[in-house]
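The numbers here are math on the coordinates, done by the rules we state, and not lab data. Predicted model only: the values in this text are computed from it and were never measured. Ideal geometry is used to build each Cβ from the backbone, glycine not excepted, and the neighbour counts take in all protein chains shown.
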Amino acid sequence: MKAAYYQEYGPPELIEFVQIDRPKVEDNQVLIKIKATTVNRTDCGIRSGAYLIMKMITGLKAPRKKIPGTDFSGVIEELGSSVSKFKVGDKVFGFHDEGIESQAEYLALDADQTHHMPHGLSFEEATACLEGAHYALNFIRKVDLKAGQKVLVYGSTGAIGSAVVQLLKYEGLHVTAVCDTDNVEKIKGLNPDRVIDYKVTDYWKEDIIYDYVFDAVGKSSFSQSKPVLSKKGVYISSELGKNWENIYLSIFTPFLGGKRVKFPFPKNITKTVEHMSKLINQGKFRPLIDRSFPFEEIVEAYSYVEKGFKTGNVILKIQ
Ligand SMILES: NC(=O)c1ccc[n+]([C@@H]2O[C@H](COP(=O)([O-])OP(=O)(O)OC[C@H]3O[C@@H](n4cnc5c(N)ncnc54)[C@H](OP(=O)(O)O)[C@@H]3O)[C@@H](O)[C@H]2O)c1
């Protein structure tokens, strides 16, 4: 089979293609013919080796897993002897933030990490409902949301941001989405209550108070957001912040009794997949897709994502 492959951490250009044997399934695994994956910021983080904290899991000196990829959609081709949850031909999808080597024509994966694809989605759409949505859901599960509360979502255009906006609307919150002029119409399509164009308006200078500020691109800060947070308002960011400030602020601000920072460590992927499948089946979630690249253009896809200006998800069409 054809697989993307990289032997050392570094830029996208280190990815090459190799022909290797199809993986063999163990008793508890399924063999999946991959149709699509996304190229997402988690893939970029793993491949670049830029984060020491990530390398403690993926390999300190070199990547333990040589094939990139954290999510997929595809079709079951073969079943391990103890797998009864699936049959050959089932459409499936899945995600794991430590990497599952899905950017290849075939993937052998534990049945526990494989999920039935919701109905009515293309393979491209299905794989785009996972990575951003997982972090988005972990954002909103970190606080005790109540319908009607006001939330500002900074970076509503990203994979995480576009999912946060839709998940919050589902929970009945009043959502203000912040994005660039070029993306205002696209973001209005996600049905937030209000859209702010950050080229025109600085949200922190407005006279509007929010219960939560969720920064889904890590480009704002707690101190910047404080003036528009309510007395016990919460700030959450997808990034560690300057000098990892979002970590230590999340430790001591709760003791001060006022505005606070929370930092979500994403967990429980199965719960995310179940929740997203429910929303998709109810027609309450549709992933935002920027563009698709053929498998052969994987280097271009990674380079594009690393520019930091994709809107929603970038798809890699494998077969
Ligand atoms: N904590 C975690 O575990 C975790 C996991 C994955 C990713 N992340 C981080 O989360 C962030 C978002 O990931 P993602 O995949 O959702 O992002 P993304 O899709 O790469 O986000 C791109 C969007 O960010 C917006 N943006 C870029 N610069 C901006 C700025 N200065 N101010 C406001 N908006 C800006 C752009 O929209 P406009 O053109 O509208 O500005 C662009 O559409 C990344 O920083 C990533 O490293 C964290």
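What relative contact order, as a whole-number percentage, does the chain give when Cα pairs under 8 Å and 6 or more residues apart are counted?
In percent, rounded to a whole number, it is 18.
Take ILE53, ILE140 and order them by how many other Cβ atoms sit within 10 Å, fewest up front.
Ordered from fewest to most neighbouring Cβ atoms within 10 Å, ILE53, ILE140 come out as ILE53, ILE140.
If you project the alpha carbons of the range 133-262 onto their three principal axes, what span does each projection cover, largest first, in Å?
40, 28, 27
Just rank LEU145, LEU52, fewest to most, by other beta-carbon atoms within 10 angstrom.
Details: LEU145 17, LEU52 8.
Neighbour counts put them in this order, fewest first: LEU52, LEU145.
Picking from ASP144, ASP110, ASP290, which is most flexible by a Gaussian network model of the chain using Cα springs under 10 Å?
Top of the fluctuation ranking is ASP144.
Taking R0 as 51 Å, what FRET efficiency do you get between LYS232 and ASP27 from their Cβ-Cβ distance, rounded to the nearest 0.05?
With R0 = 51 Å, the Cβ-Cβ based efficiency is 0.50.
Under a 10 Å cutoff between Cα atoms, tell me which one of SER156, SER82, SER221 has the largest fluctuation in the Gaussian network model of the chain.
Largest GNM mean-square fluctuation: SER82.
Report the gain in length on full extension from TYR51 to ASP197: 0.36 nm times residue separation, minus Cα-Cα distance, nm rounded to one decimal. Don't skip to the end; give the middle numbers.
On the way: separation 146, 0.36 × 146 = 52.56 nm, distance 3.12 nm.
So the chain would gain 49.4 nm between TYR51 and ASP197.
Provide the net charge surrounding GLU98, with neighbours chosen by a C-beta distance below 11 Å and charges set as Lys +1, Arg +1, Asp -1, Glu -1.
My count for the surroundings of GLU98 gives 0.
Can you give me the C-alpha center-to-center distance between the range 35-75 and the range 131-164, rounded to a whole angstrom?
23
Once you've got the GNM for the chain with C-alpha springs shorter than 10 Å, pick whichever of TYR210, TYR154, TYR51 has the biggest mean-square fluctuation.
Looking only at TYR210, TYR154, TYR51, the largest GNM fluctuation is found for TYR51.
Using R₀ = 41 Å, calculate the FRET efficiency as 1/(1 + (r/R₀)^6) where r is the Cβ-Cβ separation of LYS61 and GLU171; round to 0.05.
0.40
Over its Cα atoms, what ratio of radius of gyration to 2.2 N^0.38 Å does the chain give?
Rounded to two decimals, the normalised Rg is 1.01.
Rank the residues THR70, THR38, THR58 as a footprinting-exposure proxy: fewest other Cβ atoms within 10 Å of their Cβ go first. Provide the component values of the computation, followed by the final result.
Details: THR70 27, THR38 35, THR58 18.
Exposure proxy ranking, most exposed first: THR58, THR70, THR38.
Once fully extended, how much extra length lies between SER82 and PHE265, figured as 0.36 nm per residue of separation less the alpha-carbon to alpha-carbon distance?
Extending this stretch completely gives an extra 62.6 nm.
Note down the relative contact order for the range 132-210 as a percent, whole number, built from C-alpha pairs under 8 angstrom at least six residues apart.
After rounding, I find 28 percent.
Between LEU240 and ALA147, how high is the FRET efficiency from 1/(1 + (r/R0)^6) when r is the Cβ-Cβ distance and R₀ = 22 Å? Nearest 0.05.
Calculated value: 0.10.
Restricting to DSSP H runs of at least four residues, report the calculated mean residue ellipticity at 222 nm for the chain, -39500 (n - 2.57) per run over all residues, nearest 500 deg cm²/dmol.
Value at 222 nm, helices only, nearest 500: -7500 deg cm²/dmol.
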